[in-house]
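Every number here is computed from the coordinates shown, using simple stated rules; none is lab data. Since the model is a prediction, treat every value here as computed from it, not as a measurement. Heads up, the Cβs are rebuilt from the backbone with ideal geometry, glycines too, and the neighbour counts pull from every protein chain shown.
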Amino acid sequence: MTSPRILVIDDEADLRELLELTLLKMGLEVSCAATLAEAYAALDHEEFSLVLTDMRLPDGLGIDLVRELSSRPRHPPVAVITAYGSADNAVAALKAGAFDYLSKPLRLEELRLMVQSALP
Amino acid sequence: MLNAAVPLPRGTRDTFWRSLQTFGITRIVITVLLLLYLTYNPGKEARTLAVALGWELGAIYLAAALGFALVSLYVRQHFMAQLLAQLTVDIAMITKLYVTAGGASSGMAILYLFPLAGCAILAPLVLALFTVSVVTLILLGESGYQMLRSAGAASTSQAGLYGAAFFAAAYMVNRLAAHLIRQEDLAAKRGRELHLQEAINRLVVADMNEGVLVVGPKTEVMTGNPAAARMLGQPTLHTGFRLREHAGLAPIVQALKSWKSGFPDSGQVDGSCFVMVKSEPASGSSDEAHGPQYPLAAHLKLRFMKVETGEPNEERSVIFMRDVSEIENQAQQLKLASMGRLTASIAHEVRNPLSAISHAASLLREDVVDPTHARLLAIVTENALRLDRMIEDILKLSRKAQVHDKPLQLGDVLDGIVSEFCAAQSLDPSVVSIEDMRGYRVHFDPLHLREIVVNLLSNAMRYASGGPGSIRVRARRPRKGRFEIHVQDDGTPITPQVRAHLFEPFYTTSSKGTGLGLYVARELCLNNGAMLDYEYRSDPGSAEPTGRFVITFAN
């Protein structure tokens, strides 16, 4: 049985790498994307158990990805990471169909709990 | 000198009418005296004269004198016509008397001096000299006639002398009168200019937005304009109002005192400063009527000037006051708008690297076994979190620009905030003693109020002993239309030195604080039309004032 695969989308290389490291330590497989375009390309080729996306990306907003995936018949759960920590952003993401949200700076325990709850 | 062709100013005309009236009254007096002389003088000459003149003529002249006086008193027009008519009748009557009495030898010529002097005062020089000429011709004519009748026994020399004397007197009186009239004209003109200037000054001072206050040595208000009254929180400035008798105006008195203490040495006679004046807390109901009444407080820019009176006991200082509260509000809005844009960028740009630091440190800590390394990583994480709290505080400032205020039942809201706070901080609920505030309503953004109260409670928690009731939340209503919440702890009170910087951004006495909490709380209060300050107040039943945070609501 293969490990669940998670797509991490963040334009900041360091943050992307840290998320990747954390998830790898949890025994999960990880794919990374720096833009929405790269993310859509990865989603077309692979099956993911969870998508973790930053809110602000160079070619759009994380919430756009949430809306796009929600409109598809079969889609992985999407969790957004917001830098603002404001309730408004989180509420908007949840309304658009996000599975959950995390605020920066990320706390390891919160991240792990969220990932575990998203996986089957 | 009167010039009929040029309309004289009103003040001068009044003078001329008054002179004409005096002229008229003098005529009545002279006529009455003359009639009495003719009636009661036992001398033969007088009796002969009286018979020759006839009583009817005397009565007619007296009636004419009364008529002239009344006309000049009540009909103030055709001045020249009135004067000429009076002169004509006077000269005719005196001539009749003069001729009847026997001409130059009778001594009656002196009576001409009365109309001639009046004419010299009231008429132009030419007319005055013309009148003198007519009188002189009459005198000479009468003398000539007597010479012809008595064939040389009479002479014209006396008549000539009278004439010359009349000319000299008329000229002199006329010149003196002209000089006096010019002086009076000038004084009247200056008076009108001064009056006009005073009226303009009053209008300008009353209408100007800048408050102007003149105070004496004991800070008693001598005078002030409506703007000054408004800035002092008074409906009007009544005399005897003393600045130093009102606690709310103490900052003005202090500023005045320090300015005064400066100028004897430095020679500086004007100075300026900023002060914040507040409504007085009610110490007794009788004082409330005269104490300053503001919605909340006013921020004033004061400028002082010394008036040089030359007398040490009559010292006067002028205080110019400008209310800069409105300008500050506008500046505040501008500041918020620009800060909002800046903080949104900071949040994104700073939080990403911060997130990376704390994330990396957390990951590393999981694998580190060396306690020193673990401690160092803990320091990294703690400081990253502290930086994050600072950013969160700055973000609150940018979010506060939008106020969603609504009527709040303070009792319910505060109870909720305090119990949530105790739960979040794992604090025993008995530590915070909160007064029953049911029935108090304020207009406020509920999220902002929560932020402010939590901030003050966190601050109190840091310094309180932690015993039951060591943090107190109290409601006070200093007077109608005002409402306050006091938050106080039993820790060491804040010293006035610290208090001066308490609300400055990034000022903190705690190594764990961000230095933004109280600043944000005050800004949030201002945005909701309230005020937050640290004050030293006495509680009922205790004379010693103690420090506490006071939120003042305007509604």
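For this structure, a couple of remarks:
- Radius 13 Å from Cβ of B:Met208, net charge of other residues (Lys, Arg +1; Asp, Glu -1): 0
- Charge dipole (debye, nearest 20) of the stretch B:10-196; +1 at Cβ of Lys and Arg, -1 at Cβ of Asp and Glu: 360
- Amide H contacts under 5 Å for A:Asp59, placed H, 5+ residues apart: A:Leu36
- Rounded to the nearest 10 degrees, the inclination of helix B:410-424 to the longest alpha-carbon principal axis of chain B is 30 degrees.
- Charge tally in the Cβ shell below 15 Å around B:Leu113, where Lys, Arg are +1 and Asp, Glu are -1, B:Leu113 excluded: 0
- Think of each Lys and Arg Cβ as +1 and each Asp and Glu Cβ as -1; about the Cα centre, that makes the dipole of chain B roughly 1840 debye.
- The long axis of helix B:125-150 is offset from the longest Cα principal axis of chain B by roughly 10 degrees.
- Likely footprinting exposure, B:Tyr536, B:Tyr40, A:Tyr40, fewest C-beta neighbours within 10 Å first: B:Tyr40, B:Tyr536, A:Tyr40
- Taking B:Leu364, B:Leu122, B:Leu395 and counting other C-beta atoms within 10 Å, the order from fewest to most: B:Leu364, B:Leu395, B:Leu122
- Its Cα centre serving as origin, the stretch B:455-555 has a Cβ charge dipole (Lys and Arg +1, Asp and Glu -1) of approximately 320 debye.
- Relative to the longest principal axis of the Cα atoms of chain B, helix B:10-40 runs at roughly 40 degrees.
- Prolate/oblate/rounded label for the stretch B:403-555 (Cα gyration tensor, a/c 1.5): rounded
- Separation between Cα centres of the stretch B:186-220 and the stretch B:16-76, rounded to whole Å: 51
- Pairs beyond 26 Å (Cα-Cα), from B:Lys257/B:Lys301; A:Lys95/B:Lys335; B:Lys278/B:Lys301; A:Lys25/A:Lys95; B:Lys260/B:Lys301: A:Lys95/B:Lys335; A:Lys25/A:Lys95
- Environment charge at A:Ala96 (Cβ cut-off 14 Å; Lys +1, Arg +1, Asp -1, Glu -1): -1
- Cα gyration tensor shape of chain A, rounded if a/c is under 1.5, else prolate or oblate by comparing a/b with b/c: rounded
- Fewest-first sequence of B:Lys278, B:Lys218, A:Lys104 by Cβ atoms within 10 Å of each Cβ: B:Lys218, B:Lys278, A:Lys104
- Cα centroids of the stretch B:483-534 and the stretch B:122-139: 94 Å apart.
- Among B:Ser150, B:Ala64, B:Leu137 the positive-end extreme of the charge dipole of the stretch B:10-196 (Cβ point charges): B:Ala64
- Tensor-based shape of the stretch B:368-458 (alpha-carbon gyration tensor, a/c under 1.5 rounded, otherwise prolate or oblate): oblate
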